[in-house]
Amino acid sequence: MRVAIVGGGISGLATAFYVRRLCPDAELTLLESSGHLGGTMVTREVAGFRFEGGSNGFLSNKPYTLDLVREAGAEHLLLPSNDAARVRYIYTDAVHRLPESPPAFLSTPVLSWRGKLRTLAEVFTPARRDIVDESLRDFGYRRVGREFTDTFLDPMSAGIFASTPAKLSVHAAFPAVVRLEREYGGLFRGMIKRRKRRAGPGGKLMSFKGGVGTFIDHLAGALGGTVRLDAEVHSVRRDPLGYRLDTAAGEQTADVVAVAAPAHAAARMLGRLDGELAGWMGDLGYTPISVVGFGYDGLARDLNGFGMLTTSGARQEILGVLWDSSIFPDRAPAGKKSLRVMIGGQRNAELALRSETELVAIARRGLRATLGITEEPVATFVQRWPRGIPSYPVGHLAAVDRIFARVASFPGLYLISNAYYGIGLNDCVGNALRCAQAIAKSEPWRGGPLLEP
Ligand SMILES: Cc1cc2nc3c(=O)[nH]c(=O)nc-3n(C[C@H](O)[C@H](O)[C@H](O)COP(=O)(O)OP(=O)(O)OC[C@H]3O[C@@H](n4cnc5c(N)ncnc54)[C@H](O)[C@@H]3O)c2cc1C
């Protein structure tokens, strides 16, 4: 069986890895348009500091990435976060620690008593199992109230999806949360029951020594000669014996094609195969986000924690700040500090598209306004992602289900990427496994949200 995987981000790499594992006799080729693997998972060194262009790491409470790391023999690269990284902050009109326990919730000054009582009244809020799709804002207002939603769910949606609760489908973005309401009648009830059932401790943020790029290099090594860089796929067409791919590195034929490129790129390459399908895929939106990293010889402010996210109501130019060297000490030389500022998202999409010089100025203004950081950085890093994170608006799941149903009608054609059923590394890797299992059985893969048993 000849298998072509298009796109060398984590989705494509993990699919290739599992196809190789499950179908050792397959003739496998991974085609990547750029000159490097990893997609948005890039680590850059600047003056001894290590900056991530995208993902920082993954949580250990889902098994998928950890399983891949183990199966690929990369356990020696794993780097758990500092315990201090469990502490998170939000900026409303000042910096506040996120409450981590019921007593801390009751004493936090960020919510009024009315807001706290409304949140606790979630236990008495009737479950709505009839709602097919809903924004995170409507869901939050309905279940935990306006104040909790605007204060906590708003920065959370900025931190994970670079989005806002009004523009994010809770069903697509947080299917496990919807499930709590559906199966247990409420979020608090569900969380308590699930916690009782779960044996081990909660998730820990994990990454890799030297940055996520070291894991990408490891996976690339495991895939050996199957990878072709600078091989942009222009089109995928039917062929009497399977598929014909027109690539920047020549023509390629395959029995199975798994397209792991972003939806907009996939739409372009599938246009000649099925124009209607390509149109639906091209309609899937992306949110721009830019990352500005700074390294410092020292900081007067003690950055001990994961970082800080701003609320929309705070009207700041920045979405948040990750305190990199506090989370993973090997991101900065000994005794030095580093952080990364997130800019743009659905809140301020236009800001993410500014020039590098302007982004640095925005980041420094934001640091001064929120954390009082005025020190001169000794290292600066900028990464712009004009189409950084898939949008997942209300209607996303219906749109994606329709796309997957159509793709399933083409024998041997598969879709996989963060554009469909989850954006986290765990989602990408878990879906890659499901996709590879379907390829191994020569069955179509219809996707669907990735839910824990
Ligand atoms: C700023 C940022 C921070 C993030 N932080 C986290 C985090 O902390 N934790 C977490 O779990 N997730 C995080 N994510 C999300 C996660 O990193 C991504 O969802 C995931 O890496 C996407 O992987 P992918 O393979 O689906 O897509 P991509 O990484 O986009 O890879 C797609 C690949 O396809 C290639 N390609 C495109 N067109 C073609 C073509 N025509 N032919 C061949 N190849 C093509 C591209 O060059 C690219 O290499 C973050 C994302 C961003 C942007």
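Overview of results
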read-out	value
Residue match in the range 80-92 (condition: among the small types (G, A, S) and within 16 Å of the ligand (Cβ to nearest atom))	yes
Filter pass, L413 being buried (at least 19 other Cβ atoms within 10 Å of the Cβ), in contact (Cβ under 8 Å) with a residue 40 or more places away in the chain and either polar (S, T, N, Q) or farther than 30 Å from G48 by Cβ (or both)	yes
Residue within the range 71-94 that is in contact with a helix residue (DSSP H, G or I) (Cβ under 7 Å, 6 or more places away or on another chain), without any contact (Cβ under 8 Å) to a residue 12 or more places away in the chain and not assigned by TED's automatic domain parsing to the domain that holds G430 present	yes
Condition met for D255 (among the charged types (D, E, K, R), more than 12 Å from the ligand (Cβ to nearest atom) and under 23 Å from Y421 (Cβ atoms))	no
The range 45-74, residues that are within 13 Å of the ligand (Cβ to nearest atom) and under 24 Å from V227 (Cβ atoms)	E52, G53, G54, S55, G57, F58, Y64, T65, L66, L68
Restricting the range 23-44 to residues that are more than 7 Å from the ligand (Cβ to nearest atom) and in a strand (DSSP E or B), the residue that is nearest to C428 (Cα to Cα)	L30
Scan of the range 227-252 for residues that are more than 10 Å from the ligand (Cβ to nearest atom) and within 26 Å of the chain's Cα centre (by Cα), ordered by number	V227
Segments classed as helices (runs of 4 or more DSSP H), wholly inside the range 114-178, with at least 2 members that are within 16 Å of the ligand (Cβ to nearest atom)	154-161, 170-173
Residue that is nearest to Y243 (Cα to Cα) [pool: residues in the range 433-449 that are within 16 Å of the ligand (Cβ to nearest atom) and outside any helix (DSSP H, G or I)]	W445
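The values are calculated or read from the model by the stated rules, or taken from the named source; none is laboratory data. What you see is a predicted model, and the numbers here were worked out from it, not measured in a lab. Note: ideal-geometry Cβ built from the backbone for every residue, glycine included; neighbour counts use all protein chains shown.
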